[in-house]
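> Please find one structure pasted underneath; my questions will follow.
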Amino acid sequence: MSNGPKKKLTQKLKKTLPVTGPQAPSLYELMQWYCLTTNTHGCRRIVVSKGRLRKWIWIVLTLIAVALIFWQCALLLMSFYSVSVSITVNYQKLTFPAVTICNMNPYKYSRIQQYVSGLETQTVQALKEIYGFSEESSARRRRDVESLPDVRTPEHDYLSQIQLFVVKSVHGDEVDTEEILTRKRSRMSARVDHRSTETSPGNMVGYKLCNPNNSSDCTIFTFSSAINAIQEWYRLHYMDILSKIPMEEKIAMGYSADELLINCFFDGKPCDARNFTLFHHSLYGNCYTFNDAQQDQLVESSMGGAESGLNVVIYIDEDEYNPYLVTAAGAKIIVHDQADFPFIEESGTEIETAMETSLGMLLTNSTKLSSPYSDCTIDGSDVPVQNLYNKNYTYQICLYSCFQKQMVETCGCAHYDQPLPDGAKYCNNDEFPGWIYCYFKLHKRFVQEELGCQSTCRETCSFKEWTFTRSVARWPSKNSEDWTLRVLSWELGSKLEKTLTKNDLANLNIFYQDLNLRTIAESPSSSLPNLLANFGGQLGLWMSCSMVCVLEIVEIFLIDSFWVVLREQWEKFRKWLKNGQQEEDAEQRPQTITGRDNPCLTEEDPPTFNSALQLPHAAEVPRTPPPLYRSLHIRSDFIEQPTNFHNEIEIEQM
């Protein structure tokens with residue numbers, strides 16, 4: 001009973017619908033065939049439903065189901081690229097990080113003084129003109145200043161190379177200035193770049209930089225404090241001087257490991273200069289790294305606490321400080337991984353003199369997923385920027401390497417703060433007189449992200465991070481100061497030419513608070529098999545179809561529909577071409593005399609089957625009477641009957 005009506009319905013549909021499959025002559029018939037043969041019930045109900053209202057209801061329901069599928073699949077696809085973060089804590093032995101220690105004064109003043117004597121003289125002279133500055137009360141400092149020669153040769157006339165001004169007023173690009181040495185006032189057209197918080201004109205000090213190839217292209221850099229102005233001006237010339245000094249001589253002018261590190265203990269065991277590796281920094285001179293990768297074996301912390309960490313007494317030697325380069329006294333340290341470059345200037349921590357500074361560390365190891373979940377890089381090999389630091393790739397290394405490359409291409413020389421690229425020279429005023437102005441303009445573009453370095457460089461996918469808990473205490477204490485300093489002075493012996501004071505020393509303790517390794521790791525929120533399974537669930541829920549149905553839809557709507565449309569267009573083209581040829585043949589055919597033919601059958605309208613049926617009927621012709629079949633019969637000679645031929649003819653005709 002169930003198969004009977006179904007078979008009748010199928011046979012009826014086959015009779016009424018031209019079901020020809022992919023070979024259907026039109027898209028309409030192809031869609032009808034698809035709706036009848038597909039397993040998606042909604043499409044089939046559109047065709048077999050009786051009544052226009054039901055058909056439209058099923059069309060709307062089917063479209064809603066398709067829209068829901070697309071919406072849900074889009075949400076699943078977006079969730080596929082999301083990550084979940086897991087945090088785990090493991091207690092284990094931890095490798096002690098690399099600790100780089102630098103004196104904030106890069107070079108001993110007594111040794112570098114011969115190179116900066118002219119700069120020192122003009123700095124003192126500028127301070128006198130601005131503030132009525134007088135020499136220090138210290139006898140040694142006063143002798144040093146008085147002994148400085150007044151070098152004013154063109155190559156050492158630093159105030160002329162970078163002019164210092166007192167800014168009286170600013171009117172847009174018009175600036176009223178007063179030269180420091182000559183007290184000459186002038187109004188100049190130049191851009192004003194405020195390097196500090198702007199104050200009222202008359203109290204601002206700045207310097208002027210111009211493009212050597214274009215005297216009208218100038219910028220005045222102003223500072224709200226003359227301290228900042230003098231230090232920046234001094235530092236520009238200081239880097240120019242250092243760029244001309246050989247590396248071996250710069251190392252000799254700095255502090256040796258035995259001079260910088262007076263006392264050292266790690267995990268309760270003594271250590272010395274052999275446990276430290278020299279690292280020369282462009283601004284901080286000789287720095288020393290404990291537990292560096294160059295050591296034979298990296299040390300580990302067996303347990304947490306100050307007793308298992310690193311304890312170092314640092315000799316600051318404040319009397320050898322350059323008075324105009326740095327205004328703070330102390331040491332600067334940075335904790336980093338053995339394979340990372342120590343960016344001391346940006347990420348370092350200052351250590352005070354006459355203080356004991358304790359840094360408790362916590363280690364966090366973070367790991368991110370790379371493409372397609374994020375834009376991080378594993379080792380930087382896929383970043384188109386050359387690593388100039390000979391260390392593991394980091395985002396900061398990439399930025400500085402990118403800027404140094406742009407510096408060499410734009411200004412023709414490399415900046416002294418970053419490593420030197422192959423084939424390049426460090427900038428100096430003798431070989432590259434316009435490098436300072438070029439550097440400031442390029443650095444401004446770099447900060448404004450116009451060089452493309454920020455968009456080119458990418459974060460690393462894994463990194464270590466040490467967080468600190470800092471505490472300080474006075475060291476040495478008042479009661480222990482006398483004997484502590486005497487013992488340290490006795491231990492140093494001939495290395496020192498004076499008795500130590502507490503302002504010459506800084507005590508550093510750095511240790512793990514605990515040995516818990518915190519790991520932050522990203523993992524995909526959904527795997528590819530789960531994504532495909534969710535896609536299948538959505539298809540089955542809303543359309544009762546599977547992946548085979550999806551392939552069927554692709555075949556029908558993309559492949560078969562394309563060929564049906566192509567076939568229709570080809571037939572139209574053939575008809576158009578055939579009609580064009582027939583018109584050409586009719587124009588080229590010679591005219592002939594037409595005969596007397598049937599008016600319905602002419603050359604303009606050739607006869608067809610239908611026209612033949614419409615031809616006029618021929619005129620009726622009189623029929624010949626049928627023969628008298630009875631006359632052919634054999635009559636009997638024995639029967640004699642009269643014969644009336646006229647009557648028989650009439651009967652036959654009737």
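The values are calculated or read from the model by the stated rules, or taken from the named source; none is laboratory data. Worth saying up front: this structure is predicted, and the values here are computed from it rather than measured. Reconstructed Cβ throughout: ideal geometry from the backbone, glycine too, with neighbour counts over all protein chains shown. In case anyone asks, the SASA skips ligands and DNA or RNA and just uses the protein heavy atoms, side chains included. Shrake-Rupley method; radii C 1.70, N 1.55, O 1.52, S 1.80 Å.
> Here are some conditions: (1) touching a Phe, Trp or Tyr at 6+ places or on another chain (Cβ under 9 Å); (2) open to solvent by 70 Å² or more (accessible area, probe 1.4 Å); (3) touching a residue at least 12 places away in the same chain (Cβ under 8 Å). Residue 472 meets all but one. Which one does it not meet?
(1)
> Follow-up. Residue 322 versus (1) within 18 Å of residue 261 (Cα to Cα); (2) polar (S, T, N, Q); (3) open to solvent by less than 20 Å² (accessible area, probe 1.4 Å); (4) part of a loop (DSSP other than H, G, I, E, B): which is the lone unmet condition?
In the conditions (1) within 18 Å of residue 261 (Cα to Cα); (2) polar (S, T, N, Q); (3) open to solvent by less than 20 Å² (accessible area, probe 1.4 Å); (4) part of a loop (DSSP other than H, G, I, E, B), residue 322 misses (1) alone.
> Can you work out which of the residues in region 337-361 that are closer than 17 Å to residue 291 by Cβ and charged (D, E, K, R) is surrounded by the most Cβ atoms within 10 Å (Cβ to Cβ)?
340
> Another one. I'd like to verify a number: residues in region 285-314 that are open to solvent by less than 30 Å² (accessible area, probe 1.4 Å) and out of contact with any Asp or Glu (no Cβ under 6 Å at 6 or more places or on another chain), how many?
Going through region 285-314 one residue at a time, the tally reaches 15.
> For region 478-501, state whether one or more residues are closer than 22 Å to residue 366 by Cα, open to solvent by 30 Å² or more (accessible area, probe 1.4 Å) and among the charged types (D, E, K, R).
no
> Any idea how many residues of region 256-281 are open to solvent by less than 20 Å² (accessible area, probe 1.4 Å), more than 18 Å from residue 298 (Cβ to Cβ) and in contact with a Leu (Cβ under 9 Å, 6 or more places away or on another chain)?
1
> So which residues in region 295-312 are outside any loop (DSSP other than H, G, I, E, B) and not charged (D, E, K, R)? Walk me through it before giving the result.
Of the residues in region 295-312, the ones outside any loop (DSSP other than H, G, I, E, B) are 300-301, 306-308, 310-312.
Of everything in region 295-312, those that are outside any loop (DSSP other than H, G, I, E, B) and not charged (D, E, K, R) turn out to be 301, 306, 308, 310, 311, 312.
> Testing residue 600 on (1) more than 30 Å from residue 59 (Cα to Cα); (2) open to solvent by less than 100 Å² (accessible area, probe 1.4 Å); (3) modelled with pLDDT of 75 or more, one condition comes back false. Which one is that?
Here residue 600 meets the rest and fails (3).
> Can you list the helices (runs of 4 or more DSSP H) found entirely within region 477-595 that contain at least 3 residues being more than 55 Å from the chain's Cα centre (by Cα)?
481-492, 561-588
> If you don't mind, another one. Could you tell me whether region 565-573 includes any residue that is at pLDDT 75 or above, surrounded by 11 or more Cβ atoms within 10 Å (Cβ to Cβ), out of contact with any strand residue (DSSP E or B) (no Cβ under 8 Å at 6 or more places or on another chain) and of a type in the set (Lys, Arg)?
yes
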